[in-house]
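The values are calculated or read from the model by the stated rules, or taken from the named source; none is laboratory data. Since this is a predicted model, take the numbers as computed values, not measurements. Quick reminder, even Gly has a Cβ in these numbers, built from the backbone with ideal geometry, and neighbours come from all protein chains shown.
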Amino acid sequence: MPPILLAVDKTYPKGLMWFRRDLRLDDNAALHHALRACREVVCVFIFDRAILDSLPRADRRVEFIRESLVELAADLQSAGGGLVVKHAVAEDEIAPLARALGVQAVFANRDDDPAALARDAKVLGALANAGISFHTYKDQAIFERDEVLTQAGQPYSVFTPYKRAWLAKLDAFFLKPYPTRGHADALAPIPEAHRAEVPTLEDIGFEKTNLEALEIPTGTQGGAALFEDFFGRIERYDHARNYPALRGPSYLGVHLRFGTVSIRQLAGVAHQLSLQGDKGAATWLSELIWRDFYFQILAHHPRLTEGGESRSFRPEYDKIQWHHGKHADLLFDAWCQGQTGYPLIDAAMAQINQTGYMHNRLRMVVASFLCKDLGIDWRRGERYFAIHLNDFELSSNNGGWQWASSSGCDAQPYFRIFNPVTQSQRFDPDGKFIRRYLPELAKLPDAAIHAPWLAKPVELEAAGVVLGKTYPKPIVDHAEAREKTLQRYAVVRQPSVARA
Ligand SMILES: Cc1cc2nc3c(=O)[nH]c(=O)nc-3n(C[C@H](O)[C@H](O)[C@H](O)COP(=O)(O)OP(=O)(O)OC[C@H]3O[C@@H](n4cnc5c(N)ncnc54)[C@H](O)[C@@H]3O)c2cc1C
């Protein structure tokens, strides 16, 4: 007797797999389900003009996606299929394409960013009008939406109990890969009318960036190589992750962002190692849990970023009067360009500007500096990061900025203000990171590099540093700024509300 499962499984003669932020063939939830549910599956990716049209013309993320698509298209082709790549407004394109291809169902992995949800709601409506079903799956998180709740059935807003509940719920089921190669006979080659190469950057109106020169590896091969490299040093992560000059973190953020690695694979390895007592792996797993934590925060509180405008998790923080006007704009520009006169801040901003990456500790320090030393609305920094970070993730970026500005769900208290000089002395003690990004300070002795304005004139002269000329004088006095910030935040000083 033929296996009943197959007959039941193949519900649809033809389906469409819509890749978005899941650019891999292996262990892909929606693709797995599409291949099982359909006799034939056409695959598509759309360079979405609704997102791309407002980006700067040279954007490392667009290049990362394009390079990763070339690999995905080749992988699909060698598995018997292919990838249709379009440059269009996705919400307008999917239903007509599905109709033209004659599919009965569209499959995609979920994306809970408010804009993506709005897009998908429109696509769902257009598909329904055409009698085509739309199936979405969890793929980018281990636990999403309502999967981890308090005992009272409420979403968590504090990380530690969330993490405890997350770990308690985790079992082999949630880490299991979604196999696709065993079902690849359902992959359809690219239909004649859509046969074309993956568009070049030029085809979609973009320019080449320094992604290649930076040797940022793309695609699933790039993700796998980075993970292999990190695997060899994961046990040191707990310590090394604090020092920006060290190769401490995994640099997998951009791969997690575009799905060129599987979160199940990463979390599975980290969990296994942590059960064996690897402290580095346990700490790294915690970071992956932060990612799920912020996903679910945004899913439960879409008002935080709805309409493209960010709002404080604690509404009383929206009463803060931020510094604005011409002087604030000058300070903001100095922060963006790494011209604040505080070497650690300036080196960190040089890192993001030159590479699209910034070390986690530095993200915390520069974010704190912007809102608590310069008194500038954290939302301006959030937007700057959104444009410049290769691994920009709406939920984690919003969460990180709200953490630093103290307006967030599980944020640092408003009176905790990082001192940019002591942070520098502690986490870049020999100034190695600063020297890498600020060659103009390279010759200063270790003790002077964290606060050049305190260096002896002979030290400055010997290092060829002329303050105000070759390197800026500090744009604010930290001690004074601290006092101003405490006054600015006085408006939020009220009994704290207990949170889950
Ligand atoms: C102000 C601010 C803004 C941030 N913006 C983003 C952002 O846009 N996108 C983003 O992915 N992360 C963001 N983070 C979190 C963190 O800084 C980055 O995830 C991390 O530096 C990425 O480098 P990595 O891949 O080498 O990290 P690793 O240290 O190797 O961590 C592995 C992965 O865990 C996740 N992760 C680590 N730390 C956090 C965290 N605190 N919150 C959520 N997820 C985390 C990321 O997916 C990361 O890739 C932000 C943090 C701050 C303070």
Looking across the stretch 283-304 at residues that are buried (at least 19 other Cβ atoms within 10 Å of the Cβ) and either more than 12 Å from the ligand (Cβ to nearest atom) or without any contact (Cβ under 8 Å) to a residue 12 or more places away in the chain (or both), the single one that is nearest to residue 403 (Cα to Cα) is 304
Within the stretch 165-186, residues part of a helix (DSSP H, G or I) and either touching an Asp or Glu at 6+ places or on another chain (Cβ under 9 Å) or surrounded by 11 or more Cβ atoms within 10 Å (Cβ to Cβ) (or both) come out as 165, 166, 167, 169, 174, 175, 181, 183, 184, 185, 186
Expected single match for outside the structural domain of residue 345 (by TED's automatic domain parsing) and in contact (Cβ under 8 Å) with a residue 24 or more places away in the chain among 247, 236, 164 is 236
Going residue by residue through the stretch 58-74, is there one that turns out to be free of Cβ contacts under 8 Å to residues at least 40 places away in the same chain, part of a helix (DSSP H, G or I) and not assigned by TED's automatic domain parsing to the domain that holds residue 354? yes
Among helices (runs of 4 or more DSSP H) entirely within the stretch 341-433, at least 3 residues that are charged (D, E, K, R) occur in 378-388
If we keep only residues of the stretch 214-256 that are closer than 26 Å to residue 438 by Cβ, within 10 Å of the ligand (Cβ to nearest atom) and hydroxyl-bearing (Ser, Thr, Tyr), then the residue nearest to the chain's Cα centre (by Cα) is 251
Does the stretch 311-319 contain at least one residue that is under 24 Å from residue 233 (Cα atoms), within 16 Å of the ligand (Cβ to nearest atom) and not β-branched (Val, Ile, Thr)?
no
Checked 248, 205 against criteria (in contact with a helix residue (DSSP H, G or I) (Cβ under 6 Å, 6 or more places away or on another chain) and surrounded by 15 or more Cβ atoms within 10 Å (Cβ to Cβ)); the one match is 248
In the stretch 198-213, anything over 17 Å from residue 51 (Cβ atoms) and either of a type in the set (Gly, Ala, Ser) or touching a His at 6+ places or on another chain (Cβ under 8 Å) (or both) is listed as 213
Here the residues within the stretch 380-433 that are away from the ligand (no atom under 12 Å from the Cβ) and of a type in the set (Lys, Arg) are 380, 416, 426, 432
Across the stretch 346-370, the tally of residues that are more than 10 Å from the ligand (Cβ to nearest atom) and either in the same structural domain as residue 252 (by TED's automatic domain parsing) or of a type outside the set (A, V, I, L, M) (or both) stands at 7
Within the stretch 1-55, residues being modelled with pLDDT under 95 and part of a helix (DSSP H, G or I) number 6
Q. Does the stretch 453-464 include one or more residues that are in a loop (DSSP other than H, G, I, E, B), acidic (Asp, Glu) and either over 32 Å from the mean Cα position of the chain (by Cα) or within 16 Å of the ligand (Cβ to nearest atom) (or both)?
A. no
The condition from (1) within 26 Å of residue 375 (Cα to Cα); (2) surrounded by 20 or more Cβ atoms within 10 Å (Cβ to Cβ) that residue 427 misses is numbered (2)
The lone condition residue 81 fails out of (1) more than 29 Å from residue 175 (Cβ to Cβ); (2) over 25 Å from the mean Cα position of the chain (by Cα) is (1)
